[in-house]
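K.L.:
I am attaching a structure below and will ask some questions about it afterwards.
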């Protein structure tokens, strides 16, 4: 059977495209997803939970072999030691990142999308994308010109009367520091603190799979969803992509269609293009791959938001309980660094009043700061081999722009001032610079061993203050103490360079842009340059990463391009054999 559209990747973008394109009965749509299905009524409990920390650490839903380098890799000095590899949690499950992420439902700044247009993505300015953000959501709390009430993704906010003592203390510290309270994070874009907008319906996560691939959509005769299906290659006839090869439950298959849409994310979409001869000529020849389309931008300028954390021990009365909320991040802050080049709101702080699912996690709070408007655009995705089963080489090169390092250093000092303020001093103790290390990852996996270990440690941490301080400094702190980084500028810089990670907002590795931009991979409707019948629609086509968690910008992008595809096929009807 041939299809009108074959979508490779059932994440946020793929779920939107499958739903919208199959709404036209003349289309025949195939959605391929490497991970497991999450059908209505059978969503795994860890995914459905409004606390995301269990799904996020669950290897059942990850590309478990994917590792990346976040520190800057020197390409000028072949003798320089390589930075360490880190696990980078990318979703392998229907719904993609929306099934395991932190459920943060923010859009970014209007200036982000005006910059997209200025960089060559004509028609993607703020006024053009706002209707699609509204189309995505069904806001349970606010009805105004900024918000939608009819979309597939339910959004809400945890009200202040359900905040724990720690969250309330941070809000008061923000207020005393002079920040403005904003009731709506996604309203008029300005600096201030706010209850974070989240994609839940009050009871469970609303992933893209649950919102866009509901029972009614799945009942369509013209939509086929094939999970446990990993695409292995693209099929070409001349310059036209006519299908996909894939492994379905261990068996090799071929699928043919009028158009193939890659929606595999900013790491796997460029890797697929590269393996099929679409990318930088030098790298393709180095790998022994015949050049099909010379596009130097494929895999280049990969971006993420650099981030660091300041953590602390929460006194027992101020801790978050399940009776208040399963959510762990209830409060956010958007602020401006003041550097001349940056727009307003170029920094973000997420307030986590629980750092993990286990007993110790309930005792530890984190202030997570990330560079909302990053200038580090030196990341890249390259092939390690031509074998489709091998993960690519991924170098984020975070902090490759000194402005990002400087803002994280000043951001850490700002967090320290908040942490030491009277409201927080009353409910926390023992602040320490935090690192998302392999040890933290290992203890975060949900199993009985970790449950018992953390219970024992938590009992000790709730003991005498001197014992708690000793345990935190000896077993929790990794290399840098709070006093060190506050008193020694070099130690602070060393900590930032070592501990900075991305926040899983991989993007921009197949950017859209003008025909005369040599680094543009796709046009403004996701069509790959130099070939026919092939598009990319996911975070990889962003011209620059927006000042936001990327899930909602991805949903918006897929909605906008789905409309363009439907309009195009309405103008030029084409039968599918």
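The values are calculated or read from the model by the stated rules, or taken from the named source; none is laboratory data. Everything numeric here is computed off the predicted structure, so don't read it as measured data. No Cβ is skipped: glycine too gets one built from the backbone with ideal geometry, and neighbour counts run over all protein chains shown.
K.L.:
For segment 239-269, name all the residues that are farther than 20 Å from residue 390 by Cβ, in a loop (DSSP other than H, G, I, E, B) and under 25 Å from the mean Cα position of the chain (by Cα).
P.N.:
Passing the criteria: only 263.
K.L.:
Let me ask another. Restricting to segment 129-161, name every residue that is surrounded by fewer than 16 Cβ atoms within 10 Å (Cβ to Cβ) and part of a helix (DSSP H, G or I).
P.N.:
Just the residues of segment 129-161 that are surrounded by fewer than 16 Cβ atoms within 10 Å (Cβ to Cβ), to begin with: 131, 140-141, 143-145, 149-150, 159-161.
Within segment 129-161, 131, 160, 161 qualify.
K.L.:
Answer yes or no: is there a residue in segment 319-339 that is without any contact (Cβ under 8 Å) to a residue 60 or more places away in the chain and over 28 Å from residue 447 (Cβ atoms).
P.N.:
Let us first name the residues in segment 319-339 that are without any contact (Cβ under 8 Å) to a residue 60 or more places away in the chain, namely 322-323, 338.
Cutting the leftovers down to over 28 Å from residue 447 (Cβ atoms) gives us 338.
Checked segment 319-339: at least one residue is without any contact (Cβ under 8 Å) to a residue 60 or more places away in the chain and over 28 Å from residue 447 (Cβ atoms).
K.L.:
With (1) crowded, with 21+ Cβ neighbours inside 10 Å; (2) under 21 Å from the mean Cα position of the chain (by Cα); (3) farther than 30 Å from residue 359 by Cβ as the list, and residue 37 as the residue in question, which single condition is left unmet?
P.N.:
The single condition residue 37 does not satisfy is (1).
K.L.:
Something else now. Might you check whether a residue that is buried (at least 17 other Cβ atoms within 10 Å of the Cβ), part of a helix (DSSP H, G or I) and in contact (Cβ under 8 Å) with a residue 40 or more places away in the chain occurs anywhere in segment 426-436? Steps first, answer last, please.
P.N.:
Our first condition is that a residue be buried (at least 17 other Cβ atoms within 10 Å of the Cβ); within segment 426-436, this holds for 427-428, 430-436.
Filter once more, so that each one left must be part of a helix (DSSP H, G or I): none.
Among the residues of segment 426-436, not one is buried (at least 17 other Cβ atoms within 10 Å of the Cβ), part of a helix (DSSP H, G or I) and in contact (Cβ under 8 Å) with a residue 40 or more places away in the chain, which makes the answer no.
K.L.:
Still on this structure, please answer the following. Output the helices (runs of 4 or more DSSP H) that fall wholly within segment 455-499 and possess 2 or more residues being farther than 14 Å from residue 313 by Cα and in contact with a strand residue (DSSP E or B) (Cβ under 7 Å, 6 or more places away or on another chain), or say none.
P.N.:
Values: elements: 465-471, 482-487, 489-499.
Correct list: 489-499.
K.L.:
Among the residues in segment 204-219, are any loosely packed, with under 15 Cβ neighbours inside 10 Å, modelled with pLDDT of 95 or more and closer than 26 Å to residue 369 by Cα? Quick ask: steps written out before the conclusion?
P.N.:
Our first condition is that a residue be loosely packed, with under 15 Cβ neighbours inside 10 Å; within segment 204-219, this holds for 214-216, 219.
Retained after the next criterion (residues that are modelled with pLDDT of 95 or more): 214-216, 219.
Those still in the list that are closer than 26 Å to residue 369 by Cα too: none.
Scanning segment 204-219 turns up no residue that is loosely packed, with under 15 Cβ neighbours inside 10 Å, modelled with pLDDT of 95 or more and closer than 26 Å to residue 369 by Cα.
K.L.:
Among what's in segment 5-34 and is touching a helix residue (DSSP H, G or I) at 6+ places or on another chain (Cβ under 9 Å) and part of a strand (DSSP E or B), pick the residue that is surrounded by the most Cβ atoms within 10 Å (Cβ to Cβ).
P.N.:
If we take residues in segment 5-34 being touching a helix residue (DSSP H, G or I) at 6+ places or on another chain (Cβ under 9 Å) and part of a strand (DSSP E or B), then 7 is surrounded by the most Cβ atoms within 10 Å (Cβ to Cβ).
K.L.:
From the list 194, 236, exactly one residue is at pLDDT 95 or above, in a strand (DSSP E or B) and under 30 Å from residue 331 (Cα atoms). Which is it?
P.N.:
Numbers: 236 fails: under 30 Å from residue 331 (Cα atoms).
Only one candidate passes the filter, namely 194.
K.L.:
Could you list, in sequence order, the residues of segment 292-307 that are buried (at least 16 other Cβ atoms within 10 Å of the Cβ) and either assigned to a loop (DSSP other than H, G, I, E, B) or out of contact with any strand residue (DSSP E or B) (no Cβ under 9 Å at 6 or more places or on another chain) (or both)? Show your work before the answer.
P.N.:
Within segment 292-307, the subset buried (at least 16 other Cβ atoms within 10 Å of the Cβ) is 292-295, 297-307.
Matches in segment 292-307: 292, 295, 297, 298, 299, 304, 305, 306.
K.L.:
Please verify whether residue 82 is in contact with a strand residue (DSSP E or B) (Cβ under 8 Å, 6 or more places away or on another chain) and within 20 Å of residue 266 (Cβ to Cβ), treating the condition exactly as stated.
P.N.:
Details: in contact with a strand residue (DSSP E or B) (Cβ under 8 Å, 6 or more places away or on another chain): yes; within 20 Å of residue 266 (Cβ to Cβ): no.
When the stated conditions are applied, residue 82 does not pass them.
K.L.:
Let me ask something else. Only strands (runs of 3 or more DSSP E) wholly contained in segment 308-423 count here; list those with 1 or more residues that are closer than 30 Å to residue 252 by Cβ. Walk me through how you get there before you give the answer.
P.N.:
Numbers: elements: 329-335, 347-352, 364-371, 379-382, 393-395.
So the answer is 379-382, 393-395.
K.L.:
Tell me whether segment 41-56 contains one or more residues that are at pLDDT below 95, in contact with a helix residue (DSSP H, G or I) (Cβ under 9 Å, 6 or more places away or on another chain) and over 29 Å from residue 441 (Cβ atoms).
P.N.:
yes
K.L.:
State whether the residues of segment 107-124 include one that is surrounded by 15 or more Cβ atoms within 10 Å (Cβ to Cβ), closer than 28 Å to residue 57 by Cα, touching a strand residue (DSSP E or B) at 6+ places or on another chain (Cβ under 6 Å) and not assigned by TED's automatic domain parsing to the domain that holds residue 326.
P.N.:
no
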